[in-house]
Amino acid sequence: MPAPTRYAEQIPDIVKIWEPEGYFLAQTKIWEAECVARHELYGKPTAKQLKLIKSALKLTAKDIIILREGKGHETNKLLRTVQARLSPETGNFIHLGNTSSDVLDTSLSLQIIESLNILGNDFNQLRKSLKKLALKHRETLQIGRTHGQHAIPQTFGRQVVGWYAEVRRGIERIDHAKKIIAFGKLSGEIGTHVYIEPKLEKLTLIKLGLKPDEAPTQIISRDRHIEVVGLMVTNSATLARIAENIRHLAMAEVGEVREPFEGLAHPGSSAMPHKRNPELSERIIGLDRVIRSKIIEESESAKALLERDISHSSTERYVFPDLFESLTYAVRLTNFIIENLEVFPDKMRENLNMTHGAIYSSRLLNALIESGKYSRTEAYDLVRKLVQKSIDKKTDLKDLALNDPETKKTLKTKEIEALFDPKFYLKNIDVAFERAGIISSK
């Protein structure tokens, strides 16, 4: 299904690959490479004929209009279109010994690789944007959260490093996907090289940057395609996780970040003028659902009947255009959000203190255990009692600890006060920055 206009306008390069023009041009690349290989191996077509063939394979806008009509066998229509421009003697070199699957499956590999190249560039740009954001907020205090509850202090930059590392792995997945799908098939009916010599297939595919599929049927085995889709679904999940985190941090009750907002040109609600909805992040989360569905669809394409059926064809007319258009749009939108994200350090500090020091309970617990005067259970119960009182009475845990007889007789005043310093939690915060390659190791 074509991308909605508002999305397609942002991704013209990826749309072009999967539009009818890109679809047919990819097929003509196969025929041209095969004719060049024939010329080099056998001297036929001749140099003069090869020049005519290359010219005939150039499609006009009028050709595309005719070819995209939803009637008949597309590849056969394309073949007749280009052969009609040549003498039978010259035109017969095109598609000689091929099946339509030879052309369609090999051209699909080219389309996927071209799409992955674009995606790789986009994910790399997102990686750079995340690196910049992480470094900018390397020391910006923020409360870490588990189960949606306050855990212990960290920095916002450290949170972003987690996103950065995942995007960097996403780039590795894209590179791996290109290796998986860099295969073609020009071995004719049921893949047994009856009319096409293996050396012709190999040379043609080398010219296309591909390798021969080892043991195809009449089509390339779909396990390759399923793996590519699975890797891209994983990359989509990364974008959805970033979007979900931003959406949470942008909630009115949290208020630590905000998506870029264009004022009157960007109303949050048609009914409630005060709204600033995180709708860009929510759009990414929605697209992730579309992308995830493709792994199920493409998995079904593996179930080809014996040496070949055509059930995968109708499925893949949706799978790969939808996958790459949606993912490309999502990664570019994510990058736009990250590059223009509003961050509110003061609100992060305010939220850090929201629980009246309860977030330092683990430090107090460990200090009591290390004193040697309590078992872990005894120390835990003591701190738990103080923390619950702190939360219920909205009283600082530090003040309660300073006035509690048990803690006072175990820890000195300065020792207790030192337990409530958030900087303690940041002593190894740079480890993740170093391991992710954002900063150099000390």
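Test D346 against the criterion of being within 30 Å of S107 (Cβ to Cβ) and of a type outside the set (A, V, I, L, M), and give yes or no. Before you say what the answer is, go through the steps one by one.
Numbers: within 30 Å of S107 (Cβ to Cβ): no; of a type outside the set (A, V, I, L, M): yes.
So D346 does not fit the description; no.
Could you list, in sequence order, the residues of the range 162-220 that are farther than 30 Å from F433 by Cα, not hydrophobic (A, V, I, L, M, F, W, C) and not in a loop (DSSP other than H, G, I, E, B)?
Let us first name the residues in the range 162-220 that are farther than 30 Å from F433 by Cα, namely 180-220.
Still in the list and also not hydrophobic (A, V, I, L, M, F, W, C): 184-185, 187-189, 191-193, 195, 197-199, 201-202, 204, 207, 209, 211-214, 216-218.
Hits for the range 162-220 are G184, E189, G191, P198, K199, E201, K202, T204, K207, K211, P212.
Based on what the data block shows, is A182 closer than 20 Å to I242 by Cβ, touching a residue at least 24 places away in the same chain (Cβ under 8 Å) and either of a type outside the set (S, T, N, Q) or surrounded by 16 or more Cβ atoms within 10 Å (Cβ to Cβ) (or both)? Full working, then the answer.
Values: closer than 20 Å to I242 by Cβ: no; touching a residue at least 24 places away in the same chain (Cβ under 8 Å): yes; either of a type outside the set (S, T, N, Q) or surrounded by 16 or more Cβ atoms within 10 Å (Cβ to Cβ) (or both): yes.
Spelling it out, it is not the case that A182 is closer than 20 Å to I242 by Cβ, touching a residue at least 24 places away in the same chain (Cβ under 8 Å) and either of a type outside the set (S, T, N, Q) or surrounded by 16 or more Cβ atoms within 10 Å (Cβ to Cβ) (or both).
From E89, E74, which residue is more than 28 Å from D213 (Cβ to Cβ) and of a type in the set (D, E)? Before the answer, list the steps.
Working: E74 fails: more than 28 Å from D213 (Cβ to Cβ).
It is E89.
Checking E350 against (1) touching a residue at least 24 places away in the same chain (Cβ under 8 Å); (2) within 19 Å of Q142 (Cα to Cα), which single condition isn't satisfied?
Exception for E350: condition (1).
Take F156 and tell me if it is among the aromatic types (F, W, Y), in contact with a helix residue (DSSP H, G or I) (Cβ under 7 Å, 6 or more places away or on another chain) and closer than 30 Å to Q10 by Cβ. Explain how you work it out, then say what you get.
Details: among the aromatic types (F, W, Y): yes; in contact with a helix residue (DSSP H, G or I) (Cβ under 7 Å, 6 or more places away or on another chain): yes; closer than 30 Å to Q10 by Cβ: yes.
Taking the combined requirement at face value, the residue satisfies it.
Which residues, taken from the range 1-19, are surrounded by 15 or more Cβ atoms within 10 Å (Cβ to Cβ) and part of a helix (DSSP H, G or I)?
Hits for the range 1-19 are Y7, A8, I14, V15, I17, W18.
Could you say whether any residue in the range 396-418 is within 19 Å of G157 (Cα to Cα) and hydroxyl-bearing (S, T, Y)?
In the first step, residues of the range 396-418 are kept if they are within 19 Å of G157 (Cα to Cα); the result is none.
Within the range 396-418 (the criterion being within 19 Å of G157 (Cα to Cα) and hydroxyl-bearing (S, T, Y)), the answer is no, since none of the residues qualifies.
State yes or no: is I359 modelled with pLDDT under 95 and among the β-branched types (V, I, T)? Show your work before the answer.
Values: modelled with pLDDT under 95: yes; among the β-branched types (V, I, T): yes.
Against the criterion (modelled with pLDDT under 95 and among the β-branched types (V, I, T)), I359 qualifies.
Taking into account only those residues within the range 276-293 that are charged (D, E, K, R) and modelled with pLDDT of 95 or more, which is farthest from Q218 (Cα to Cα)?
From the range 276-293, those charged (D, E, K, R) are 276, 279, 282-283, 288-289, 292; that's our starting set.
So of that shortlist, the ones also modelled with pLDDT of 95 or more come out as 282-283, 288-289, 292.
Numbers: E282: 42, R283: 40, D288: 33, R289: 32, R292: 28 Å.
So the residue we want is E282.
Counting only residues that are in contact (Cβ under 8 Å) with a residue 40 or more places away in the chain and either among the hydroxyl-bearing types (S, T, Y) or not assigned by TED's automatic domain parsing to the domain that holds I118 (or both), which one in the range 281-312 is farthest from H225 (Cα to Cα)?
S281
The values are calculated or read from the model by the stated rules, or taken from the named source; none is laboratory data. Just so we're clear, the structure is a prediction, and the values are computed from it rather than from any experiment. Counting neighbours? That spans all protein chains shown, and the Cβs are built from the backbone with ideal geometry, glycine included.
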